[in-house]
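Everything on this sheet refers to the single structure shown next.
Just so it is clear, none of the values below were taken in a lab; they were calculated from the coordinates. What you see is a predicted model; the values in this text were computed from it and never measured. Here Cβ is always computed from backbone atoms with ideal geometry, including for glycine, and neighbour counts include all displayed protein chains.
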Amino acid sequence: DVVAVIDSLGTTGQKLVLVGHDYGIHPALGAADRRAARVDRVVYLDSGMPRDGVPAVAAVPDQSLRGRAAGGDGDLPSGEVLPPPATREEWRRWGSTEGVPGPALERLTDLAAPQPMATLLQPLRLTGAVDPVPATGILCTGNGASIEMVQMRVDRGDAALREVAEARVAFFELPTGHWPMLSMPAELADVLLRAAAGEGHRLALADASQPPAHLRPFPLDVPEAPRERHGNVDLYLPAGAEAPRPVVLFVHGGPVPADARPTPRDWPTLRGYAHCAAAGGAVAAVVDHRLHTLDDYERAAADVAAAAMERVRADPRVDADRAALWFFSAGGPIAAPWLDAPPPWLRCLAATYPVFGPLPG
């Protein structure tokens with residue numbers, strides 16, 4: 001359908017910009033790939049970054065739906081639909097409604113239509129023709145996205161985002177939720193016109209001569225402590241540790257891309273803190289947990305609780321009744337269950353520049 005509209009416009013020389021909001025980026029990107037010579041820019045409006053062979057359901061915040069992702073273009077459900085939210089409150093499951101006036105949200109609920117399930121399960125097919133087409137990302141900060149977060153993920157080596165640091169990709173932010181056409185229509189229209197004109201923020205390319213912030217040297221000179229690697233946990237042992245010692249477990253922030261190297265337990269900052277703790281007479285532990293995206297907090301918390309704390313406290317060199325947890329940055333939400341119901345062996349909980357509230361969206 002989108003290709004048909006493009007073809008109907010002919011080759012008049014008019015600039016053509018395709019804008020995809022949320023799921024809409026899939027048909028927009030697919031059409032741009034088929035008519036790349038006619039499309040001047042693709043705008044990602046608070047959407048994901050779909051890739052060839054990946055179905056839209058991969059970005060749906062529903063684990064049961066994600067489990068149905070098809071491996072190819074084979075049998076797809078005929079006539080099966082995803083029902084729209086039945087109430088105003090249910091919209092928040094699919095994106096922040098921050099800023100949307102009550103009447104507009106009521107209208108959205110009244111007019112919403114079911115979505116054919118096959119549109120979510122069929123993989124997007126791209127030839128690569130769209131890759132050179134300039135792109136703009138419009139990020140809605142109230143829904144959890146920001147230019148700062150994208151820059152941080154690029155700096156940490158996120159392979160999926162590496163290409164967005166190219167000059168052909170620009171960014172804007174809107175201080176609103178996932179529905180800017182309802183919450184900030186005038187501001188959105190202005191940003192779309194500026195995007196069409198090629199304006200926008202460009203990400204900073206990494207300085208090859210300088211390490212990124214998370215790989216810079218630890219600022220203190222601390223004595224080295226012996227390190228042992230146990231699964232996803234490193235232990236740093238204090239000198240002369242004959243009797244069981246208290247333990248401090250350091251929990252990194254993120255999100256950290258799954259393929260980022262080195263992993264957090266090898267970052268100079270965390271290693272430096274661990275050496276400090278060991279120099280003070282405690283056993284230090286640093287865990288690599290799986291906070292790879294903002295959807296991963298549950299399994300990251302499980303990594304900290306089961307794989308790390310239970311394993312560390314079971315070590316005979318550790319006093320299981322004297323443990324501390326130390327959280328950093330966006331690892332802060334992992335502290336929630338420990339703050340809510342601290343066990344008797346948890347003697348201290350520390351946090352450095354932590355996120356201690358729900359993230360936007």
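Average 1/r across all pairs of distinct alpha carbons in the chain, invert it, and you get the Kirkwood radius: 23.2 Å. Please return the longest range in the chain lying between exposed loop sites, taking GluC sites (Glu not before Pro), DSSP loop only, at most 16 other beta-carbon atoms within 10 Å, and leaving the sites out. That would be 243-361.
About its Cα centre, the dipole of the chain is roughly 460 debye, where the only charges are +1 on Lys and Arg Cβ and -1 on Asp and Glu Cβ. In the chain, taking the dipole from charged Cβ atoms about the Cα centre, the farthest positive-side position among 349, 127, 287 is held by 287. With bins 10 Å wide beginning at 0, the percent of Cα pairs of region 213-352 falling in each bin runs 12, 47, 34, 7, 0.
Taking label positions 7 Å along the Cα-Cβ direction at both residue 112 and residue 190, the computed distance is 3.0 nm, reported to one decimal. When only the Cβ of Lys, Arg, Asp and Glu is charged (+1, +1, -1, -1), the dipole of region 2-196 relative to its Cα centre reaches about 320 debye.
The Rg/Rh ratio for region 2-196 is 0.95, where Rg is the radius of gyration of the alpha carbons and Rh is the Kirkwood radius. A straight line joining the Cα centroids of region 113-130 and region 179-225 runs 29 Å.
Taking a ≥ b ≥ c as the square roots of the eigenvalues of the Cα gyration tensor, region 177-285 is classed as prolate, since a/c reaches at least 1.5 and a/b is larger than b/c.
Lys/Arg Cβ at +1, Asp/Glu Cβ at -1, dipole of the chain taken about the Cα centre: which of 28, 2, 179 is farthest positive-ward? Highest projection toward the positive end goes to 28.
Taking the Cα centre of region 264-328 as reference, the dipole from Cβ charges on Lys and Arg (+1) and Asp and Glu (-1) amounts to some 240 debye. Taking all Cα pairs closer than 8 Å and separated by 6 or more residues, the relative contact order of the chain comes to 14 percent.
Taking Cβ atoms as reference points and 15 Å as the exclusive limit, the residues near residue 347 contribute a net charge of +1, counting Lys and Arg as +1 and Asp and Glu as -1.
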